[in-house]
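Contents: one structure, followed by commentary.
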Amino acid sequence: MQAGSGARSRLTSVVAAGALAAAALGVVSAAPANAAVMVSGSLIDAAGNYAEGTVRAVTTTGVTAGSDYTSNGAFDIPLENGTYKLEFYSSDYTDEWYRDKADQATADVITVAGAAQTLAPWTVERIPSVVGVVRTTAGKPVANATVTAYDAAAGTEIDDVDTAADGTFRLSTSTPSVKLRFSGYYGNESLATEWFNDKASLATADAVTPTVAGADVGVVTLAPGGSIAGRITSEAGVPLHRARACSSSGCDWTDANGAYLIEGVNTGEHVVSFSDPIGEYVGEFWNNVPANNYAGANRVTVAPGQAVTGIDAALAAKTNAAPNGVDLSGTVRDELGAIGVGYVVNVYDTPANPDYAKVVASTYSNRAGQYVFTELDRIGGETEFKIEVDTEENQGPREEGDFLRRTTWSGNKLAYNTATVVTAAPQTLDFTLPVAGGVSGAVTSEAGGLPDFGFAAFRNSDGLDAGSTRTEADGTYDDRTLWAGDYTVRFGGHNHVSEWWKNALPEDALTITVKPGQVTTGISAALTKDVKALVRPEVKGDAWVGKTVRLDEGRWNTQADSRITYEWLVGSTVVATGPSLKLTRKYLGKKVTGRVTNDAGFAQGQALTKTTAKVGYKPKVKAKVSGKRIGLTIKAKPLKSKKVSATVVAYEVKGKRANGELKLKKIGKGKVKKGVGSVTLKKALGKGKHKLVLRIKGKGKVGSGDIMKVVKLKR
């Protein structure tokens, strides 16, 4: 103690001397700033549930000094010495100040004086709310469905929330009475919008009174969306290809027979309009109501999931004046010879910097696939142009089951930069559009039924993503947007292990070939929920005292986003964790096994390695070949020679396999006792150099493993 006190005294003297020297030089040391300490607390509601929201600490002058979000009801805010007041605010709870105060003026003061502190629990009041769960008619939870609340008295929209992954929702509001509207999608399928409780409109919806406990509306079942279908023809009854029908729920283009189908239609009344973007026919509302009379349009009523048919239209032809001189015209076809009807044809200018190119004229290809421009010679300051036939899905219509056509530029090029330049001089410029191919199949579950949110994704021959498609309600998919070439296909679904066709890992994925206008069928998968090792984990290295062995994780059916952990066992007892293990003397005579755990999040799997040979001292071998015999001398420090016994199998190296492993040919076997022994060969080795592997199985404290020896024979 005296020695320690003396040391402290000397240190104090040194510090004091340093301070005096600093003062003599005019240096003044600043006092350290107050270190922040943690102020903690927790929030619950009257029912004892954790309250989620934000806690804000403000100074007496109203300046925010820190805040924390209480996702689990707890908050921790670092604050410097001083006095503060705390405010809590949330979308689900009434805003208030600590503790149970209505405003900052009356809030309790929190004094911070150099020590961390935990405040008394804070009970906050929940805002009245409505709760429930949204499901499909098959009982599946609908994630991200939208629940919208309206003031039942005023009819005005108040707020909306999205459902959680399990379909549940809580919508908080202080409005005394509300009406609820539900809408959403399940996979690719649009679900019919409805009002509580199974009502078609705001006016007829049942009112709900929110409560602090949460007024429970139970299970809200959304049926598949309805549909509206019909035909669009000319007044003479000729089907109009690429005419358009629209309702408030969406639009569809007609096929070559004039037929259309608007899917995912909401429950209730709809105004259906018909138009001809090509410009050959006059648009109207159903049923023969002029396009300028929306108020007088006939309404089409759709019940939940109802398929309404027969909503037809016969459009009158427009009287279009003949063009006064044609600068540019042509015909649009695809590579299979089909006429390109209703595609947007754009004319771009040709500035010095292509990044600034813009559309200066636009038209549609007509029902004969023809397009015409008559004003290119009158576009001020422009004499050269590049032409585009735009076939993107949001521009060029593509019916159900049709193949995508590729956007093509003048000269039948694929982009602006390589497109051929044209002038305003009268000329003909035809286009031939590449046609996509398709892939179809189904995604199911090995456990039975269908995985939620099943999908098929495609990767092209360059290894790049080429798009994906969701499965339909029956688990099938049909994608017709892939350009000709080779692809690999990956399948996935919620809480299932992704895989490549056929039941493959990425490096083993089989290739499919897509051809224009053709569908490659039967590209399907049955997904597993189990995480499992396809290549067993392995202990790398020999079980010799003092050596570090490594645990190779193997190859799993999923691992890219997994958390891989490692354990080492002797028998059933875990003796260490981590990817490597140093075999100290405490493991002498024991056998070690590795265990790998793959945590994929939705599930986890485990796999064991083979058990190693018993841990022993590393044998050092001298080998001498004579005729059909290999003489052996083995040492294994610190063992004495008389303690060294083993069996030996000899192999000759005959090259390497594709995976890098040695090709070995067995040439003989033998024994070692008291450090000496021999291997009897099946036949004598020939002249020259030989690479041998001696596989030693030690006895007692002698280790086991492979020893490489190179021998050179002269004859």
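Summary table below
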quantity: LEU588-ARG629 pseudo-label distance in nm [points 7 Å out on the Cα-to-Cβ vector]; calculated: 3.4
quantity: Unit charges at the beta carbon, dipole of the range 83-187: most positive-side option, THR111, THR137, SER91; calculated: THR137
quantity: Fraction of accessible area attributable to carbon and sulfur, the range 248-296 (%, probe 1.4 Å); calculated: 45
quantity: Value of Rg to Rh for the range 204-260 (Rh from inverse mean 1/r over Cα pairs, i.e. Kirkwood); calculated: 1.37
quantity: Accessible-area composition of the range 601-704, carbon plus sulfur, in percent [1.4 Å probe]; calculated: 51
quantity: Where the Cα pairs of the range 212-323 fall when distances are cut into 5 Å bins, in %; calculated: 2, 12, 20, 20, 16, 10, 6, 4, 3, 3, 2, 1, 1, 0, 0
quantity: Alpha-carbon Debye profile of the range 450-529, log10 I(q)/I(0) at 0.21 Å⁻¹; calculated: -0.96
quantity: Globularity ratio of the range 590-715, using Cα Rg and 2.2 N^0.38 Å; calculated: 1.31
quantity: Directionally averaged shadow of the range 321-370, computed from the convex hull of its alpha-carbon atoms, nm²; calculated: 4.9
quantity: Under-5 Å amide H pairs with GLN306, H placed in peptide plane, nonlocal only; calculated: GLY226, SER227
quantity: Under the Karplus curve 6.51 cos²θ - 1.76 cosθ + 1.60, θ = phi - 60°, whole-Hz ³J(HN,Hα) for the range 243-260, x wherever Gly or Pro sits; calculated: 7, 10, 10, 9, 10, 5, 9, x, 9, 8, 9, 7, 8, 5, 8, x, 7, 9
quantity: Cubic angstrom per residue, convex hull over Cα atoms of the range 646-712; calculated: 90
quantity: D_trans [Stokes-Einstein, Kirkwood Rh over alpha-carbon pairs] for the range 508-609, 25 °C, 0.890 mPa s, µm² s⁻¹; calculated: 152
quantity: Using θ = phi - 60° and Karplus 6.51 cos²θ - 1.76 cosθ + 1.60, couplings along the range 635-644 (whole Hz; Gly, Pro as x); calculated: 10, 8, 4, x, 6, 6, 4, 5, 9, 9
quantity: Accessible area of the range 560-712 divided out per residue, in Å², using a probe of 1.4 angstrom; calculated: 60
quantity: Whole-number percent relative contact order across the chain, with pairs defined as alpha carbons under 8 Å at least 6 apart; calculated: 6
quantity: Kirkwood Rh, Cα atoms: Rg over Rh of the range 156-295; calculated: 1.11
quantity: Solution diffusion estimate, µm²/s, Stokes-Einstein, the range 277-321, Kirkwood Rh from C-alpha pairs, 37 °C, viscosity 0.692 mPa s; calculated: 264
quantity: Furthest towards positive pole of dipole, ALA313, TYR281, THR469, structure part the chain, Cβ charges; calculated: THR469
quantity: Cα-centre dipole for the range 564-715 with unit charges at Cβ (Lys and Arg positive, Asp and Glu negative), debye to 20; calculated: 1600
quantity: Added length on full extension, which subtracts the Cα-Cα distance from 0.36 nm per residue, GLU375 to THR573; calculated: 62.7 nm
quantity: Computed Kirkwood radius, in angstrom, where 1/r is averaged over Cα pairs of the range 288-426; calculated: 17.9
quantity: Violating pairs (Cα-Cα greater than 31 angstrom) within the set LYS628/LYS656; LYS618/LYS689; LYS610/LYS635; LYS637/LYS687; LYS637/LYS691; LYS673/LYS714; calculated: LYS637/LYS687
quantity: Hull-based mean projected area of the range 102-212, where the convex hull spans the alpha carbons, in square nanometres; calculated: 10.9
quantity: Per residue convex hull volume, Cα atoms of the range 420-472, in Å³; calculated: 161
quantity: The range 486-552 - Rg (one decimal) and Dmax (whole number), Cα, Å; calculated: 18.8, 66
quantity: Solvent-accessible area, 1.4 Å probe, carbon plus sulfur percent, for the range 150-208; calculated: 47
quantity: Average accessible area per residue (Å²) across the range 344-383 - probe 1.4 Å, nucleic acids and ligands excluded; calculated: 55
quantity: Distance between the range 590-613 and the range 245-281 - C-alpha centres, whole angstrom; calculated: 59
quantity: Eligible aspartates and glutamates near LYS709 by straight Cα distance, threshold 20 Å, same-chain separation 8 or greater; calculated: ASP542, GLU652, GLU661
quantity: Amide H within-cut-off set for ILE127, under 5 Å, with H built and near neighbours excluded; calculated: TYR93, THR94
quantity: Kirkwood Rh in Å, taken over the range 53-161 so that all alpha-carbon pairs contribute; calculated: 16.8
quantity: Listed residue (LEU261, SER247, VAL300) projecting farthest to the positive dipole end of the range 201-360, Cβ model; calculated: VAL300
quantity: Candidate lysines for bridging to LYS515, where Cα separation is under 30 Å - those fewer than 8 sequence places away on the same chain excluded; calculated: LYS386, LYS413, LYS502
quantity: For the range 475-481, Karplus couplings with θ = phi - 60° (6.51, -1.76, 1.60), whole Hz, Gly/Pro x; calculated: x, 8, 9, 8, 10, 10, 10
quantity: Alpha carbon convex hull of the range 376-523, volume per residue in cubic angstrom; calculated: 137
quantity: Rh (Kirkwood; distinct C-alpha pairs) - the chain, Å; calculated: 34.9
quantity: Kirkwood-based shape ratio for the range 325-407, expressed as Rg/Rh from alpha carbons; calculated: 1.01
quantity: For the chain, calculated [θ]222 nm from helices alone, where every DSSP H run of n ≥ 4 adds -39500 (n - 2.57); calculated: -1000 deg cm²/dmol
quantity: For TYR185, distant residues with modelled amide H under 5 Å away; calculated: LEU191
quantity: Under 16 Å from LYS85, Cα to Cα: aspartates and glutamates that are on another chain or at least 8 residues apart; calculated: ASP68, ASP76, ASP95, GLU96, ASP100, ASP103, ASP108
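The values are calculated or read from the model by the stated rules, or taken from the named source; none is laboratory data. Please read all numbers here as calculations on a predicted model, not as lab measurements. Glycine gets a Cβ as well: all are built from the backbone with ideal geometry, and neighbour counts include every protein chain shown. Just so you know, the surface numbers come from the protein's heavy atoms only, side chains and all, with ligands and any DNA or RNA stripped out. Shrake-Rupley method; radii C 1.70, N 1.55, O 1.52, S 1.80 Å.
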